[in-house]
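Visitor: Quick one: the structure is below, and I'll ask about it shortly.
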Amino acid sequence: MTSRFLHLSVCAGALLAAPAFAQDDINLAFFSAWGANSYNNAIYQGALDAAEEAGGVNVDIFDGSNDAALQFTQVEDIVTSGGYDAFVISPNDATGIEAAVQMAVDSGMAGAATLFPIGPDLTTLAPQVEGLVATAANLPVPGATLQAEAVAEYCADIAPCKVVAIVGQMIYPTDNMRYEAYQAVFAEHENIEIVSTIEGKYSPDETLTAMTDMLLVNPDIDAIVSVADQHLVGAEIALEDAGIDPTSIYMMGAGASDSAIAAIREGRWSATLGNYPYTMGYLATQAVIASLRGETVEPEIDMDVYGPLPAIITQDVLLENPDFLGEWQG
């Protein structure tokens, strides 16, 4: 899972670090959103490797178990214990966890966020918690906009071009933002019509069921755009069950999972939006350690910039990067 970006220092920003620590006295707490999730596990592995490379850093993981209240309590307990110098967190609730993260920073811990910015504004990577060292994440709107633009390019000579949009759940603010980005781009193209919006709940099985029902009503589709690669796994099976060749449909996922990379290489899927959780965890942890050792760090680590491949990964991109593997198991 190595990336050509991993050994680039992110210590080029303007945020001044805390006083330098000795090489052997950093205890770091890693707060995982959900230990059963392979994406979160890849972030954790990146954190472990950054700590090992830095030397003298002990890492303990705290599994949030997809439970925002549990994760809030875990952060509170760590602050109370006084046994940690630093933390990296993948939040279950980016807004709800803000008070606990502020508490941790105020106690003197150096911290970084991954996955999402901490705070109410999901349009910026600038730390919203005063004193937070860095945020390493992909913002929802820029990536979704690139996805929709790629679909629009495919649809250029198709009228009407019938598109299925698959989100996780509309109750998630990030999913709403991505869907609105899709709509904004497609609104600029009179030939593009979203014929159905599916809530796949980040599950191949849920998507398979919803897509199967949808194809009974709208079997004539041209493209599928999804906020997650997992959805395309179910969508592909539904198309095959309906007697539709998946390769005849433009299929755009998101996440750059290993299964998506394989599907694109084989020509089954068209593209995916690149997400690099291992690199994300590595760079966030690197930033925290650097700050504790008296260095300055870049507070905004835009994973659309630091990723090892272009944001939109196609078969052509993979032909130019034959050794690339997805950073997580989709």
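The values are calculated or read from the model by the stated rules, or taken from the named source; none is laboratory data. The structure displayed is predicted, hence computed values, not measured ones. Neighbour counts run over all protein chains shown; Cβ positions are idealised from the backbone, glycine included. The accessibility values were calculated without ligands, DNA or RNA, using every heavy atom of the protein model including side chains. Shrake-Rupley method; radii C 1.70, N 1.55, O 1.52, S 1.80 Å.
Visitor: Is there a residue being within 28 Å of G281 (Cβ to Cβ) and among the polar types (S, T, N, Q) anywhere in the stretch 181-202?
Guide: No, there is no match, as no residue in the stretch 181-202 is within 28 Å of G281 (Cβ to Cβ) and among the polar types (S, T, N, Q).
Visitor: Quick check on the stretch 239-263: of everything there that is more than 21 Å from S203 (Cβ to Cβ) and in a helix (DSSP H, G or I), which residue is least open to solvent (accessible area, probe 1.4 Å)?
Guide: Per the criteria, the residue is S248.
Visitor: Confirm whether S259 is touching a residue at least 40 places away in the same chain (Cβ under 8 Å), among the hydroxyl-bearing types (S, T, Y) and farther than 25 Å from A113 by Cα.
Guide: Numbers: touching a residue at least 40 places away in the same chain (Cβ under 8 Å): yes; among the hydroxyl-bearing types (S, T, Y): yes; farther than 25 Å from A113 by Cα: yes.
So S259 fits the description; yes.
Visitor: Among the residues of the stretch 43-79, which ones are open to solvent by less than 50 Å² (accessible area, probe 1.4 Å), small (G, A, S) and either farther than 15 Å from N92 by Cα or part of a helix (DSSP H, G or I) (or both)?
Guide: Selection gives G46, A47, A50, A51, A54, G55, G56, A68.
Visitor: Another question, if that's okay. If F21 satisfies every condition in (1) under 18 Å from the mean Cα position of the chain (by Cα); (2) modelled with pLDDT under 95 but one, which is the exception?
Guide: Failed condition: (1).
Visitor: Of all residues in the stretch 204-229, count the ones that are in a helix (DSSP H, G or I) and farther than 25 Å from E320 by Cα. Can you show your working first?
Guide: Going through the stretch 204-229, the residues in a helix (DSSP H, G or I) turn out to be 204-217, 229.
Still in the running and farther than 25 Å from E320 by Cα: 204-217.
Here the count works out to 14.
Visitor: Also, I was wondering about something else. Just checking, does the stretch 164-185 include any residue being farther than 21 Å from P142 by Cα, surrounded by 21 or more Cβ atoms within 10 Å (Cβ to Cβ) and either in contact with a Lys or Arg (Cβ under 7 Å, 6 or more places away or on another chain) or not aromatic (F, W, Y) (or both)?
Guide: no
Visitor: Got at least one residue in the stretch 100-120 being open to solvent by 10 Å² or more (accessible area, probe 1.4 Å), more than 22 Å from I61 (Cα to Cα) and either of a type in the set (D, E) or in contact (Cβ under 8 Å) with a residue 24 or more places away in the chain (or both)?
Guide: Looking for residues that are open to solvent by 10 Å² or more (accessible area, probe 1.4 Å), more than 22 Å from I61 (Cα to Cα) and either of a type in the set (D, E) or in contact (Cβ under 8 Å) with a residue 24 or more places away in the chain (or both), one finds at least one in the stretch 100-120, hence yes.
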